[in-house]
1. Using packing as a proxy for protection, rank 3-10, 58-65, 44-51 so that the peptide with the highest average count of other Cβ atoms within 10 Å comes first.
2. Label-point separation (nm) for residue 109 and residue 167, each offset 7 Å from Cα along Cα-to-Cβ?
3. Ordered by packing density, taken as the mean number of other Cβ atoms within 10 Å over each peptide's residues, highest first, how do 124-134, 74-84 rank?
4. Figure the gain on full extension for residue 132 and residue 18 (residue separation times 0.36 nm, minus the Cα-Cα span) and round it to one decimal in nm.
5. Take every Cα-Cα pair in region 29-93 and report what % of them are more than 17 Å apart.
6. Subtracting the Cα-Cα distance from 0.36 nm times the residue separation, let me have the gained length for residue 85 to residue 31 in nm, one decimal.
7. Two decimals is fine: what's Rg over Rh for region 1-44, C-alpha atoms, Kirkwood radius as Rh?
8. Points 7 angstrom from Cα along the Cβ direction at residue 71 and residue 11: gap in nanometres?
């Protein structure tokens, strides 16, 4: 073409070049999630709020090292600073139902009522879980899990597990599941202090497993 590279760049490339991005490229990962009854989604073991109107809706999540964005039908509906606290909650007040009223048939009193059908200890456990959360809705997920244990275990076992969980202040769905899986609900309440110090965990099978 009888022109230098510089001449070609100035006459062809530079006039057609686009401006550089406003900010450097940032690596992001995309996920799909469903909004739970507590109007939160779980991403990388942390719970983030979205507008409560999106209950049970599927959303797309863009996750970077510093931020989390939630999209519904192509529009952004929520944005949070990313948290690395496992099991923690990041909640915006504007995402909550007005005045924390019951919504979509869920309310703390209803959860306690459902749990009471299993027994007094189960109801007390659910009530304690709801009371320890900054907002009761944040405990709905754990309470649902506890109530649904009745699909797999007899009500008497769930009630005994709840009584044991209250005794050792292990008030969570995971502790209840671990108690039932290990058969600890069937053990004599007069167990040794060494046994009482054993952590409640789903990987601990209990002595019945080895008989």
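Read-outs: derived from the displayed coordinates by stated rules, not from any lab. As the structure is a computational prediction, the values presented were derived from the model and not from experiment. Positions of Cβ are backbone-derived with ideal geometry, glycine not excepted, and every protein chain shown enters the neighbour counts.
1. Ranked from most to least packed, the peptides come out as 44-51, 58-65, 3-10.
2. Placing both labels 7 Å along Cα→Cβ, they lie 3.3 nm apart.
3. Ranking the peptides 124-134, 74-84 by packing returns 124-134, 74-84.
4. Answer, rounded to one decimal: 35.6 nm.
5. 29 percent
6. Length difference between fully extended and current span is 17.6 nm.
7. Result: Rg/Rh = 1.48.
8. Between residue 71 and residue 11, the simple spin-label model gives 4.2 nm.
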